1. Looking only at the range B:1-33, which residues are away from chain A (no Cβ under 11 Å), crowded, with 22+ Cβ neighbours inside 10 Å and part of a helix (DSSP H, G or I)?
2. Is the range A:158-173 home to any residue that is in a helix (DSSP H, G or I), within 14 Å of chain B (Cβ to nearest Cβ) and surrounded by 15 or more Cβ atoms within 10 Å (Cβ to Cβ)?
3. Given B:GLU86, B:GLU95, which one is facing another protein chain (nearest Cβ under 9 Å), farther than 19 Å from A:PHE5 by Cβ and at pLDDT below 85?
4. Quickly run through the range B:34-74 and pick out the residues that are within 16 Å of B:ALA136 (Cβ to Cβ), in a helix (DSSP H, G or I) and facing chain A (nearest Cβ under 10 Å).
5. Would you say A:ASP19 is surrounded by fewer than 12 Cβ atoms within 10 Å (Cβ to Cβ) and either among the acidic types (Asp, Glu) or over 28 Å from B:GLN108 (Cβ atoms) (or both)?
6. Test A:GLY155 against the stated conditions and say whether it is part of a helix (DSSP H, G or I), within 19 Å of the chain's Cα centre (by Cα) and surrounded by fewer than 16 Cβ atoms within 10 Å (Cβ to Cβ).
7. Any residue in the range A:158-174 that is over 30 Å from A:LEU70 (Cβ atoms), without any contact (Cβ under 8 Å) to a residue 24 or more places away in the chain and not small (Gly, Ala, Ser)?
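The values are calculated or read from the model by the stated rules, or taken from the named source; none is laboratory data. Keep in mind the model is a prediction, meaning the values are calculated, not measured. Glycine gets a Cβ as well: all are built from the backbone with ideal geometry, and neighbour counts include every protein chain shown.
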Amino acid sequence: MQTNFNDIQQLWQSQKTDDFDLRGLIDGLKKTEIKQRREKISIAIITPATLIFLFIFMPWQESKAILLSLLVIAVAMIWVAWLSFSSVVKPSDDSDSFSNREYLKIQLEKLRQRYTIAGKHMYFYAVLLAVALNIAYFVLLAPLSGGIRIAIHVGLTLMILGFMHFSIRRRIRKYDKTLKPMMEQLEKLLLDAKN
Amino acid sequence: MKSTKELQFEALYQSHKDKVYRLCLGFAREKELANDLFQEILIKIWRHLDSFKGESDISTWIYRIAYNTALTFSAREKKKEEKKTEIPANLDLSEPENYNSEQEIRIQMLYEAINELPELDRVIATLLLENTAYKAIAEISGISENYVSVKVNRIKAALTQKLNPQPHAN
C-alpha cells in the first residue's frame with residue numbers, strides 16, 4: 001500500500017509525549033532562579049567589598065604609588081566583571097525577535113567572544129594585576145635590600161603571569177574540545193541557512 | 001498558590017507539549033536525549049516567558065525557541081559523537097493508543113528519514129508534518145517563503161520515498 005504525505009503527517013502526529021513531571025520542573029526552576037539571584041547579589045557585593053577592603057587597609061594616603069596600584073586593580077576587576085557580565089547577559093535566547101539565522105549568528109558571536117576573553121583579555125588582565133601588585137610591592141618592600149626586592153618583583157611577576165598562562169591554556173584546550181566543534185557546526189548551519 | 005506565570009506556562013505546556021516533543025524526537029537519536037532536549041526547551045520557555053512581547057503568535061515564538069534550541073543541541077551532540085546520526089533499532093518511542101508493530105516500524109522509518117536530512121531541512125520537515133503554513137515556516141527558519149516551497153517539495157519527496165521503498169514511488 002502506498003504511503004502518501006498525508007499518511008506520513010498522520011503517522012507523525014500520532015506520537016504523543018510521555019508523562020512529564022512539569023510540577024517538579026517548575027519547582028526546580030523556581031529554586032534555581034532564587035539561587036541565581038543570590039549569586040548575582042553576591043557578585044555585586046563582593047567586587048566593591050574587595051575594593052573597599054583594599055582601600056581601607058592599604059596605606060594609599062601615604063603613597064601615590066599604592067593609590068595608583070589600587071586604582072589599577074579596581075579598573076581591572078571592574079573591567080573583568082563587566083566582560084563576564086556582558087558575555088552572559090546578551091539576549092541570545094530572545095527567540096521572540098530573532099529568526100533562526102540571527103539566532104545562529106548570535107550564538108556564534110557569543111562563543112567567539114568566550115575565546116577572545118580567554119585568549120586575549122585574560123592576558124591583559126594578568127599584566128594589569130602584575131603591574132598593580134609590583135607598584136604596591138615597590139613601596140612596601142622599600143626597607144629591603146635591592147637584590148631581595150628585585151627577586152621578589154621577578155618572582156611575583158613570573159608567578160602571576162605563569163599561573164594565568166597555564167589557567168588560560170587549560171581553558172583554551174577545554175574550549176578546543178567543546179566550543180570549537182560546536183562553532184564549526186553552527187557555521188555550517190549558518191552557511192546552509194544563507195544558501 | 002500558583003503565580004500567573006506558572007498558570008500561563010502550564011497552559012502553554014498543555015497546548016504545545018506533543019508538537020514540541022515530536023520535534024525533539026526528530027532531532028535526538030535516543031529517547032533519553034529527546035527528553036533532555038524537551039526539558040531544555042521547556043526551561044528556555046519558562047525563562048523567557050516574561051520577555052515575550054507578543055510581536056508574534058505565541059506558537060511561532062515557542063517553535064522558534066524549540067527549533068533554535070534543537071539546532072544548538074544538535075551541534076552540541078555532534079561534537080560528543082562524530083558518528084553518523086541514526087535512530088537505534090531499539091528506540092522506545094512514546095506509544096499512542098492502538099499501537100501496533102507495523103506502525104512502529106513505519107514510525108522508525110520516518111524518524112530515520114528525518115534524521116538523514118540536513119538540520120535546516122529537518123526543521124522544515126518537522127514543521128511541515130505539523131501542518132505549519134509556509135509563511136510561518138519561513139518566519140521560524142529565517143529563509144524566504146519561496147525557498148521554503150522549493151525545500152518542501154524535496155523534503156516531501158524524500159520522506160515519501162523513504163516510506164515507500166519501491167523504485168519511483170510517490
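1. B:PHE27
2. In the first step, residues of the range A:158-173 are kept if they are in a helix (DSSP H, G or I); the result is A:158-173.
Now drop any that are not within 14 Å of chain B (Cβ to nearest Cβ), which leaves none.
No, the range A:158-173 contains no residue that is in a helix (DSSP H, G or I), within 14 Å of chain B (Cβ to nearest Cβ) and surrounded by 15 or more Cβ atoms within 10 Å (Cβ to Cβ).
3. Working: B:GLU86 fails: facing another protein chain (nearest Cβ under 9 Å).
Of the residues listed, the single one that is facing another protein chain (nearest Cβ under 9 Å), farther than 19 Å from A:PHE5 by Cβ and at pLDDT below 85 is B:GLU95.
4. B:ILE58, B:THR60, B:TRP61, B:ILE62, B:TYR63, B:ARG64, B:ILE65, B:ALA66, B:TYR67, B:ASN68
5. Working: surrounded by fewer than 12 Cβ atoms within 10 Å (Cβ to Cβ): yes; either among the acidic types (Asp, Glu) or over 28 Å from B:GLN108 (Cβ atoms) (or both): yes.
Yes.
6. Values: part of a helix (DSSP H, G or I): yes; within 19 Å of the chain's Cα centre (by Cα): no; surrounded by fewer than 16 Cβ atoms within 10 Å (Cβ to Cβ): yes.
In short, no.
7. Going through the range A:158-174, the residues over 30 Å from A:LEU70 (Cβ atoms) turn out to be A:172-174.
Going one step further and asking which of them are without any contact (Cβ under 8 Å) to a residue 24 or more places away in the chain, we end up with A:173-174.
Narrowing further to those that are not small (Gly, Ala, Ser): A:173-174.
Within the range A:158-174, one or more residues are over 30 Å from A:LEU70 (Cβ atoms), without any contact (Cβ under 8 Å) to a residue 24 or more places away in the chain and not small (Gly, Ala, Ser).
Conditions (1) touching a strand residue (DSSP E or B) at 6+ places or on another chain (Cβ under 9 Å); (2) farther than 30 Å from B:ALA136 by Cα; (3) at pLDDT 80 or above; (4) among the hydroxyl-bearing types (Ser, Thr, Tyr), marked per residue:
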| residue | (1), (2), (3), (4) |
| --- | --- |
| A:VAL72 | no, yes, yes, no |
| A:PRO91 | no, no, no, no |
| A:ASP94 | no, no, no, no |
| A:LYS105 | no, no, no, no |
| A:TYR115 | no, yes, yes, yes |
| A:ALA130 | no, yes, yes, no |
| A:LEU133 | no, yes, yes, no |
| A:VAL139 | no, yes, yes, no |
| A:ALA151 | no, yes, yes, no |
